[in-house]
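S.K.: This is the structure, below, for whatever I ask next.
The values are calculated or read from the model by the stated rules, or taken from the named source; none is laboratory data. Since the structure is predicted, the reported quantities are computational estimates derived from the model, not experimental observations. Glycine also receives a Cβ, built like all others from the backbone with ideal geometry; neighbour counts cover every protein chain displayed.
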Amino acid sequence: MWTFLHKLSSPPHFYDLAARMIPWLAGSALLLITYGTIAGLFFAPPDYQQGDSFRIIYVHVPAAYLSMMAYAVLAVSAGIGLIWRIKLAHAVAAGAAPLGAWFTFLALVTGSIWGRPMWGTWWEWGDPRLTSELILLFLYFGYMALRAAIDDTAKADRASAVLALAGAVNLPIIHFSVEWWSSLHQGPTLIREGGPAIAAEMLWPLLAMILGFSLLFGALLLARVRTEVLIRERRAKWVRKLVYPEETA
Amino acid sequence: MNAPHLPRMFDGLVAVIRRDLELAWRRPGDVLNPLFFFAIVSTLFPLAVGPDAEQLALNGPGVLWVAALLAALLSLNSLFLNDYEDGSLEQMLLSPQPLPLLALAKSMSHWLVSGLPLVILSPLIAMSFQMPARATTVMMLTLALGTVSFSLLGSIGAGLTVGLNRGNALLSLLILPLAMPVLIFGARTVSLAAADDAVSAGLYFLGAYCMLALTLAPFATAAALKISNE
Amino acid sequence: MLHKRGAATVTATLSGQDLTLIRGDRCLFQDLKFALKSGELLLIEGPNGSGKTSLLRAIAGLANLEEGRIAWNNTSVKRGRQDFHADLVWMGHQPGFKGDLTLVENLRFEAGLRTMITSAAEHQLIRLGLAGLTDIPFRALSAGQQRRVALARMLMAEAALWLMDEPFTNLDAAGQQLVIELLQEHLQSGGMCVMASHRPVELEATVQRITLR
């Protein structure tokens, strides 16, 4: 087990392993998302209150869930890289950030579209989930901006790791504070707390979409990290062999 | 192995705070500028939004808090800059004193020089917003706790961006999302006080957050300083 | 200093192995090693830009090594960081003092950061040529005088290991001679030093060299 993990943290092994995993992840993601989309859009019954407009949850909820899971991946891998000095972990963090930011953006856009029929406006500050997502987006921006501002890769890795960990500690606090803040003025929220039990025909496509998005995130993350690894290890022998196979070692 | 030449624990903390206060005394502008900024920004809102007394009273807490946050950000940028440029930071990094303690000292002296004066000035500004007296005490309390948190959190950001070219705007981008819970709780608690509602929840939260920052931020700042100084 | 404590003279050691540093695309140095004892000087030589300062900073712990270990008295400096810091004093490119404070105020601050022996302070300041300059702001001193204040820090700090980065810059001939003398005394009483310098150094002491390209 330790040998496996040790091998995993070695860039060339990771590069190969990831290459083999990506088709599986992407393939199963495609299947699940296709099922979820079709079942959600066509076969799930319309919501008794929102009619057909609720169907956007099949994109919104997975995107929101992924936006937070991506941050967890980012913070954990940044922490591993900082504490145990494993360079691959830093590469994973670097790859996860833009993905997480895109998922957050997607969650915000779909959330805004969803709320429009209900609120009458494109944005409602009273919704705690959406406000938290917005702050999460700023956290991602900060992380990526700090990385971009530091030229030396190793230094950028470590500095952004400190920031990621500080953000991770603050994230639950941010959620809590926004909840409290919006509870002072009860505004219309997107997902009713303890709302009506969700029907099975609605639930399965949703779960499929969440799982599908997660697998998609995995596939995309591995692809990004492979690229990161190539860039970071560009002077290593195994990379040269990949790029110039006709050269003898 | 006994090392009798290790310095005593709080010597470093006291020395840093004392030195920073001495420096602030020599350059009063460093202290006064953020204060003026706080006062001016608080004046901008009534000018922009209109003199309607009720509206002012409603928005007062929020405006004050945003102004306090921005004023803190203004002075955070140079927290480590001078030390970085003249080599004092290097000396601190190589001192046998624990770096987190020294980082805490810097945060504390930042608060003494920028946060505390702001808290003292705030009742004056609050008057211009027609804030009822009962809310003013709560306001000062929340600002005190909040500005301490800002100093601690901000030190992390300042530590991460010291020595970077366009560190100014970047520092704000890094700190603002982290500081939002404090802003939310602070401003809303004062609004609740103005409306005669219960304020204990907000105060407890601010106190708890302050304690959390006090315990964790110095370590993060120390790590940030080591990384930035490489 | 270790050598002054107690009746027996204790030898301190500083050693490094497999020292490798990569900055961006450049490998500054690779697989360097050294072992230093009390009374010895490690001289890091090389042209400008060859990585002398980086190596010195790496030894001090200010820069991150790609690979390699530094040990002070056979304890890894990563583990015994506080003891290591308590036994060293650093003289970098910048003086490390506050321009707005006077010499006395600056040294008083130093005493909070590390243990300083100020009993012979007056005498030392006279020797360093800083006698009448104790009460003016540090930034009013000339570059050479500022360097000498940094030397005062080295003298007053109770440190076995001196780390000096180009100590001769900004000093006139007399000043440079003074540095050699002070270093000589320090080494003779059992201290040790790691110095990065592109200027040749002649001493009556064991000098080890690392030459970087």
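S.K.: Please state which one of B:Leu94, B:Leu178 is within 14 Å of chain C (Cβ to nearest Cβ) and farther than 23 Å from B:Trp25 by Cα.
M.R.: B:Leu94
S.K.: Hey, can you tell me all the residues within region B:120-145 that are part of a helix (DSSP H, G or I), surrounded by fewer than 21 Cβ atoms within 10 Å (Cβ to Cβ) and not basic (Lys, Arg)?
M.R.: Residues satisfying the conditions are B:Ile120, B:Leu121, B:Pro123, B:Leu124, B:Met127, B:Ser128, B:Ala133, B:Thr136, B:Thr137, B:Met140, B:Leu141, B:Ala144.
S.K.: Only one of B:Ala158, B:Ala187 is surrounded by 24 or more Cβ atoms within 10 Å (Cβ to Cβ) and within 15 Å of the chain's Cα centre (by Cα). Can you tell me which?
M.R.: B:Ala158
S.K.: Then there is this: Among the residues of region A:150-164, write down those that are out of contact with any strand residue (DSSP E or B) (no Cβ under 9 Å at 6 or more places or on another chain) and either more than 7 Å from chain B (Cβ to nearest Cβ) or crowded, with 20+ Cβ neighbours inside 10 Å (or both).
M.R.: Of everything in region A:150-164, those that are out of contact with any strand residue (DSSP E or B) (no Cβ under 9 Å at 6 or more places or on another chain) and either more than 7 Å from chain B (Cβ to nearest Cβ) or crowded, with 20+ Cβ neighbours inside 10 Å (or both) turn out to be A:Ile150, A:Asp151, A:Thr153, A:Ala156, A:Asp157, A:Arg158, A:Ala159, A:Ser160, A:Ala161, A:Val162, A:Leu163, A:Ala164.
S.K.: Oh, and also: I'd like to check something: does region B:71-82 contain any residue that is within 10 Å of chain C (Cβ to nearest Cβ), under 20 Å from B:Ala169 (Cα atoms) and either surrounded by fewer than 20 Cβ atoms within 10 Å (Cβ to Cβ) or in contact with a helix residue (DSSP H, G or I) (Cβ under 7 Å, 6 or more places away or on another chain) (or both)?
M.R.: yes
S.K.: In addition: Between C:Leu101, C:Leu62, C:Leu55, which is within 14 Å of chain B (Cβ to nearest Cβ), surrounded by fewer than 22 Cβ atoms within 10 Å (Cβ to Cβ) and under 19 Å from the mean Cα position of the chain (by Cα)?
M.R.: C:Leu62
S.K.: Could you check region C:1-38 and list, in sequence order, the residues that are touching a Gly at 6+ places or on another chain (Cβ under 9 Å), closer than 20 Å to C:Ala86 by Cβ and either modelled with pLDDT under 85 or surrounded by fewer than 19 Cβ atoms within 10 Å (Cβ to Cβ) (or both)?
M.R.: Passing the criteria: C:Met1, C:Leu2, C:His3, C:Lys4, C:Thr9, C:Val10, C:Thr11.
S.K.: Mind checking which residues of region C:59-72 are touching an Asp or Glu at 6+ places or on another chain (Cβ under 8 Å) and either at positive phi or outside any loop (DSSP other than H, G, I, E, B) (or both)?
M.R.: C:Glu67, C:Gly68, C:Arg69, C:Trp72
S.K.: Of these, B:Gly207, B:Gly167, B:Gly163, which one is more than 13 Å from the chain's Cα centre (by Cα), surrounded by fewer than 23 Cβ atoms within 10 Å (Cβ to Cβ) and at positive phi?
M.R.: Every option except B:Gly163 fails the conditions.
S.K.: In addition: Limited to region C:166-197, what total is found for residues that are surrounded by fewer than 22 Cβ atoms within 10 Å (Cβ to Cβ) and either in contact (Cβ under 8 Å) with a residue 40 or more places away in the chain or of a type in the set (Gly, Ala, Ser) (or both)?
M.R.: Qualifying residue count for the region: 11.
S.K.: If you scan region C:112-146, which residues turn out to be surrounded by 13 or more Cβ atoms within 10 Å (Cβ to Cβ), of a type in the set (A, V, I, L, M, F, W, C) and either touching a residue at least 40 places away in the same chain (Cβ under 8 Å) or farther than 21 Å from B:Leu21 by Cβ (or both)?
M.R.: If the condition is that a residue be surrounded by 13 or more Cβ atoms within 10 Å (Cβ to Cβ), of a type in the set (A, V, I, L, M, F, W, C) and either touching a residue at least 40 places away in the same chain (Cβ under 8 Å) or farther than 21 Å from B:Leu21 by Cβ (or both), then C:Met116, C:Ile117, C:Ala121, C:Leu125, C:Leu128, C:Leu130, C:Leu133, C:Phe138, C:Leu141 are the ones that fit.
S.K.: With respect to the numbered conditions (1) under 30 Å from C:Asn74 (Cβ atoms); (2) of a type in the set (Gly, Ala, Ser); (3) more than 14 Å from chain C (Cβ to nearest Cβ), which one is the sole condition not fulfilled by B:Gly12?
M.R.: (3)
S.K.: In the set A:Gly100, A:Gly81, A:Gly95, A:Gly40, which member is buried (at least 18 other Cβ atoms within 10 Å of the Cβ), small (Gly, Ala, Ser) and in contact with a His (Cβ under 6 Å, 6 or more places away or on another chain)?
M.R.: Of the residues listed, the single one that is buried (at least 18 other Cβ atoms within 10 Å of the Cβ), small (Gly, Ala, Ser) and in contact with a His (Cβ under 6 Å, 6 or more places away or on another chain) is A:Gly81.
S.K.: Given the condition of a type in the set (A, V, I, L, M), more than 7 Å from every other protein chain (Cβ to nearest Cβ), more than 23 Å from the chain's Cα centre (by Cα) and surrounded by fewer than 23 Cβ atoms within 10 Å (Cβ to Cβ), answer yes or no: does some residue in region A:116-126 qualify?
M.R.: Checked region A:116-126: at least one residue is of a type in the set (A, V, I, L, M), more than 7 Å from every other protein chain (Cβ to nearest Cβ), more than 23 Å from the chain's Cα centre (by Cα) and surrounded by fewer than 23 Cβ atoms within 10 Å (Cβ to Cβ).
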